[in-house]
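Asker: Please see the structure below; I have some questions.
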Amino acid sequence: MPLPPLLPVADIHERLQTIFPEGTANRNYVTREIAAKTIFVMLYIGAVDGEDCWLRPDQVTRMSDAQAALADDPERKRWLQVSMRPAAGDIEGRWYAANTREPIRDETLREGLVRVGAVKEREGLPTTSPLPRYALTPDFAALFDPTLTEEQLRPSIEEWQATYLSSGALARIAIMRRGAVAREGNVLVTFPSGETRQMEPGPSSVISKAVVEEFAPRFLGKPGVIWVSESRNRVVARDDRLAQDLGLTIEPDRNLPDLILADLGPADPILVFAEVVATAGPVSEARRTALLAIATEAGFGEDQVAFLTAYADRDDSAFKASVSELAWRSFAWFMSEPDHIMLLHMGADAERARLSDLMQT
């Protein structure tokens, strides 16, 4: 049976950016070059589910540009046999070092392509088995047919996404797409009162908009917006009357957060200090202490103040780079998953919380 036609690695890499747009879980694992090369090798040897051919991760490390250029079926079948034998000496021009097989196995395959339904793992093999175990699913492999025109490729990708990505994943992607569009022009923010304000283009403005329009109505009983600012210290909105009613003094030169919200629903209102992180600047322990001082000076107790760090997505580099800085007794919220929130719970020796208690929250 003929092997599947080959698409150059660069073209596979380009198609992956469209197949897995921003918002896809572990997107980096399935869109980087090593993922494109893994898919290329699977196509090269014919590792497509149903063809009784499977990939072993170290085969990707043993491919070279010179070998990849030998694209006729007899040569590809010959290399498949050779690549399964112990290597005799170094392989000239190999794509990756031998120890790269671990990230290919763990990140590109198990946590990436397998999880999104693009690759199937062979059943019945013990975990420690050295036998090859990975194959492309036929529908996913078909997306890399070099004969597909641009007009054919787009609906094929959309059909695959609708079939194989969960509804939650599709919603996440849709939210991130809307954010990408908003970055191209001014960002219009609609406040709980119905008033609107324009913010400058950029990822921080997109996240700020989501905090006001998506986070606030979901997590606050009766939301109010006291303060919104942008980078370069430009004040977008401030509600001095609401601040005065709450006893809060707004001093822009006091290094205020990106947003200050209020929940006016409880008998004792709650202040929410929110930092937006597109690149840096989460609510760290030091930042939490400084912001808490502003609230306590206005007469708020610590149990009336919440601290929020807002991100675009859990898979975003900004979250990965700053998660270790997040303060205990603060929250993290992600624009791409608006119904969920992360609590950094801080226990006390006198009142250790049990998992059973935390699971009820």
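Asker: So which of Glu14, Glu33 is farther than 17 Å from Ile104 by Cα and among the acidic types (Asp, Glu)?
Answerer: Selected residue: Glu14, the only one of Glu14, Glu33 that is farther than 17 Å from Ile104 by Cα and among the acidic types (Asp, Glu).
Asker: Which strands (runs of 3 or more DSSP E) sit wholly inside region 214-297 and have at least 2 residues that are open to solvent by 10 Å² or more (accessible area, probe 1.4 Å) and under 25 Å from Glu195 (Cα atoms)?
Answerer: Counting at least 2 such residues, we get 223-229, 235-238, 270-276.
Asker: Considering every residue within region 172-190, establish whether at least one is within 30 Å of Asp258 (Cβ to Cβ), free of Cβ contacts under 8 Å to residues at least 12 places away in the same chain, open to solvent by 50 Å² or more (accessible area, probe 1.4 Å) and not charged (D, E, K, R).
Answerer: Checked against the condition, which is being within 30 Å of Asp258 (Cβ to Cβ), free of Cβ contacts under 8 Å to residues at least 12 places away in the same chain, open to solvent by 50 Å² or more (accessible area, probe 1.4 Å) and not charged (D, E, K, R), region 172-190 yields at least one hit.
Asker: Sticking with this one: State which residue pairs qualify: first residue assigned to a loop (DSSP other than H, G, I, E, B) and inside region 33-52, second residue modelled with pLDDT under 95 and aromatic (Phe, Trp, Tyr) in any location, beta carbons under 8 Å apart, and separation of 6 or more residues or different chains.
Answerer: Once the first residue is assigned to a loop (DSSP other than H, G, I, E, B) and sits in region 33-52, no partner that is modelled with pLDDT under 95 and aromatic (Phe, Trp, Tyr) comes close enough.
Asker: Still on this structure: Give me the residue from region 1-49 that is on the phi > 0 side of the Ramachandran plot and of a type in the set (Gly, Ala, Ser) and, out of that set, modelled with the lowest pLDDT.
Answerer: If we take residues in region 1-49 being on the phi > 0 side of the Ramachandran plot and of a type in the set (Gly, Ala, Ser), then Gly23 is modelled with the lowest pLDDT.
Asker: Can I ask one more? Among the numbered criteria (1) buried (at least 22 other Cβ atoms within 10 Å of the Cβ); (2) within 30 Å of Arg314 (Cα to Cα), which one does Gln59 miss?
Answerer: It fails just one condition, (2).
Asker: Is there any pair linking a residue in region 338-361 that is closer than 29 Å to Val211 by Cα and modelled with pLDDT of 70 or more to one that is open to solvent by less than 100 Å² (accessible area, probe 1.4 Å) and outside any strand (DSSP E or B), with Cβ under 6 Å and at least six apart or on different chains, and which?
Answerer: Pairs found: Pro338/Glu214; Leu344/Leu326; Gly347/Ala353.
Asker: Still on this model: Would you confirm whether or not region 116-132 contains a residue that is at pLDDT below 90 and within 22 Å of the chain's Cα centre (by Cα)?
Answerer: The answer is yes, given that some residue of region 116-132 is at pLDDT below 90 and within 22 Å of the chain's Cα centre (by Cα).
Asker: Would you check if Arg288 is basic (Lys, Arg), modelled with pLDDT of 90 or more and in contact with a helix residue (DSSP H, G or I) (Cβ under 9 Å, 6 or more places away or on another chain)?
Answerer: For Arg288, the condition - basic (Lys, Arg), modelled with pLDDT of 90 or more and in contact with a helix residue (DSSP H, G or I) (Cβ under 9 Å, 6 or more places away or on another chain) - is not met.
Asker: Still on this structure: Kindly list, by first and then second residue, each pair from a residue in region 298-320 that is without any contact (Cβ under 8 Å) to a residue 60 or more places away in the chain and surrounded by fewer than 19 Cβ atoms within 10 Å (Cβ to Cβ) to a residue that is among the β-branched types (Val, Ile, Thr) and assigned to a loop (DSSP other than H, G, I, E, B), limited to pairs with Cβ atoms under 8 Å and residues at least 6 apart or on different chains.
Answerer: Ala298/Thr249
Asker: Pick from region 314-335 the residues that are modelled with pLDDT under 90 and assigned to a loop (DSSP other than H, G, I, E, B): which of them is nearest to the chain's Cα centre (by Cα)?
Answerer: Asp315
Asker: Name every residue in region 300-313 that is assigned to a strand (DSSP E or B) and over 18 Å from the mean Cα position of the chain (by Cα), in order of residue number.
Answerer: Those that are assigned to a strand (DSSP E or B) and over 18 Å from the mean Cα position of the chain (by Cα): Val305, Ala306, Phe307, Leu308.
The values are calculated or read from the model by the stated rules, or taken from the named source; none is laboratory data. Note that the structure is predicted; figures quoted are calculated from it, not measured. Quick reminder, even Gly has a Cβ in these numbers, built from the backbone with ideal geometry, and neighbours come from all protein chains shown. Remember, those area values only see protein heavy atoms, side chains included, never the ligands or the DNA or RNA. Shrake-Rupley method; radii C 1.70, N 1.55, O 1.52, S 1.80 Å.
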